[in-house]
Every structure is written in structure tokens, then in C-alpha cells.
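J.: One structure follows; several queries about it will come next.
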């Protein structure tokens, strides 16, 4: 009888650790901070459009943070793939930001880099679009 209990606990512990590993892999992915931030900006845009209270400084900060997170993604993705082109890759990404994003996506993924650029563009444009649709549907 005690062996059955121990076997049940170890199998439960194994499944729990698998679920925890899946969650950790999802959260530690280089793109996840950009996705979480996109969700945050969606909520911010919703409240902005709902109340009409405009803060241009906050909008500029939101744009700057999304650019910084995109650059952070490029560097983290290059390290994860073990294909860092040069020692100062992060600095060069900051220096040549929009061009470096296009170059990195296409050079690291080939034609699928265009799909990655589309995904990143959607992550930057979707918050305003989703919030606008939500406000229109609420009226």
C-alpha cells in the first residue's frame, strides 16, 4: 500500500515538473517580453481611448520601450541560436535600429525572416488596433 502512494506521488511530481518546464521555456523565450509588453500597451491604449486623457510623453516612452525590447530580442535571439555576428552586436543594433532589424531577420532566417518582420510589426501595431476595436464595440 505505501508503495502505491509513493509511486503516485512521484508520477504526479514528474508531470508537475514537466508543466513547470514548459511554462519556464515559454517565459524565458526571447520574444516573450515583447509579447507581454504588447499586452500591457493594449490595455494602456484602451484606457487612453476610453477616457480621452492624452499623455504624449507616455506615448513616446512606450515607443522607446518597444524599440528597446525589439533590440533586446535581436541580441537574445542571436545568443540563443549561437550566431552572434560580432562582439558589439547590441551596440550596432542600437546604432542602426530599423535597418538592423530588417537585416537580422532576413540574414538569420532567410525568407522566413519576412514572416518574423510581419510578426514584430503586428506586435507593435496590434495594441492600438485592438484597443480601438474594443472601444468601438463598447459604444
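Coordinate-derived values only; no laboratory data. Values in this document were obtained by computation on a predicted structure and should not be read as measured data. Methodologically, a virtual Cβ is constructed for each residue, glycine included, from the backbone with ideal geometry; neighbour enumeration extends over all protein chains shown.
J.: Which residue, 110, 90, 39, tops the fluctuation ranking in a GNM of the chain built on C-alpha contacts under 10 Å?
T.: In this elastic network of the chain, the residue with the biggest mean-square fluctuation among 110, 90, 39 is 110.
J.: Figure the gain on full extension for residue 55 and residue 91 (residue separation times 0.36 nm, minus the Cα-Cα span) and round it to one decimal in nm.
T.: 10.0 nm
J.: On to the next question. Once the Cα atoms of helix 56-81 and of the chain are each reduced to a long axis, what angle between those two axes, in degrees from 0 to 90 to the nearest 10, is obtained?
T.: Long axis of 56-81 versus the principal axis of the chain: about 50 degrees.
J.: Helix-only mean residue ellipticity at 222 nm, the chain, DSSP H runs n ≥ 4 weighted -39,500 (n - 2.57), per residue, nearest 500. What is it?
T.: For the chain, the value works out to -29500 deg cm²/dmol.
J.: Another one. Springs between alpha-carbon atoms under 10 Å, Gaussian network over the chain: tell me which of 76, 126, 57 tops the mean-square fluctuations.
T.: 57
J.: GNM, the chain, Cα, under 10 Å: largest mean-square fluctuation among 94, 75, 19?
T.: 19
J.: Ranking 111, 44, 73, 24 by Cβ neighbours within 10 Å, fewest first, what do you get?
T.: Final ranking by Cβ density, sparse to dense: 111, 24, 44, 73.
J.: I would also like to ask the following. Taking the structure as given and computing percent of Cα pairs over 26 Å apart, which label from (i) 44; (ii) 32; (iii) 39 fits?
T.: Here percent of Cα pairs over 26 Å apart agrees with entry (i).
J.: Sticking with this structure for a sec: Rounded, prolate or oblate, given the Cα gyration tensor of region 36-76, with a/c below 1.5 counting as rounded?
T.: It comes out oblate by the Cα gyration axes.
J.: Ok, one more. Angle check, please: helix 112-138 long axis (alpha carbons) against the longest principal axis of the chain (alpha carbons), in degrees 0 to 90, nearest 10.
T.: That works out to roughly 80 degrees.
J.: Still on this structure, I have one more. Can you work out D for region 52-119 in µm² s⁻¹ from Stokes-Einstein, where Rh is the Kirkwood radius over C-alpha pairs, the temperature is 25 °C and the viscosity is 0.890 mPa s?
T.: 189
J.: Expressed as an acute angle from 0 to 90° and rounded to the nearest 10, what is the orientation of the C-alpha long axis of helix 97-109 relative to the principal long axis of the chain?
T.: Roughly 40 degrees between the two axes.
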